[in-house]
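Below is one structure; the comments refer to it alone.
The values are calculated or read from the model by the stated rules, or taken from the named source; none is laboratory data. If you're wondering where the values come from, they're calculated on a predicted model, not measured in any experiment. FYI the Cβ positions are ideal-geometry reconstructions off the backbone, even for glycines, and counts take in every protein chain you see.
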């Protein structure tokens, strides 16, 4: 059986600096990483404090980057993004401010494009069922139901 490598506080700090520098991380991910490398709670506090002081760890910056990425790349809606941020223990203030990263016109345009792309793929002759399937898909992407129903109604 292989034993896990043990780290000094300085080694673990360097490791986590690199971990945070590679891409934006939230506190939860950093704490999990510290746990994975078997650091004691006192070391955990010291490392997190160091990362915060040297701006490797910044919850607001993480939240904004997360919102931009999930919206522009994965085309997630606001509801799904908010749920994912809550899962990562991001504060309500940071969630609210990070959602401002999404331009409202771009958001509605993205919803429209996704709906138009999905519509021909739904093999259903019954119009009601077809609308329902499209709406369910868009809601699962995290778009608000009122926007989804307006978009679906306009399309079908």
Collect the residues in region 121-156 that are in a loop (DSSP other than H, G, I, E, B) and within 14 Å of residue 78 (Cβ to Cβ), keeping them in residue-number order.
-> 141, 142, 143, 144
Report yes if some residue within region 101-117 is modelled with pLDDT under 95, closer than 30 Å to residue 30 by Cβ and not in a loop (DSSP other than H, G, I, E, B); otherwise report no.
-> yes
Output the residue which, of all residues in region 59-73 that are without any contact (Cβ under 8 Å) to a residue 40 or more places away in the chain and surrounded by fewer than 20 Cβ atoms within 10 Å (Cβ to Cβ), is nearest to the chain's Cα centre (by Cα).
-> 70
Given (1) within 22 Å of residue 27 (Cβ to Cβ); (2) touching a helix residue (DSSP H, G or I) at 6+ places or on another chain (Cβ under 7 Å); (3) surrounded by 12 or more Cβ atoms within 10 Å (Cβ to Cβ); (4) not assigned by TED's automatic domain parsing to the domain that holds residue 16, where does residue 43 come up short, assuming only one miss?
-> (4)
What do you reckon, is residue 118 surrounded by 12 or more Cβ atoms within 10 Å (Cβ to Cβ) and closer than 20 Å to residue 78 by Cα?
-> yes
If you check 86, 28, which single one turns out to be in contact (Cβ under 8 Å) with a residue 40 or more places away in the chain, within 30 Å of residue 142 (Cα to Cα) and surrounded by fewer than 16 Cβ atoms within 10 Å (Cβ to Cβ)?
-> 28
Name the pairs whose Cβ atoms lie under 6 Å apart, with the first residue in region 44-58 and at pLDDT 95 or above, the second not in a helix (DSSP H, G or I), and 6 or more positions between them or separate chains?
-> 51/57
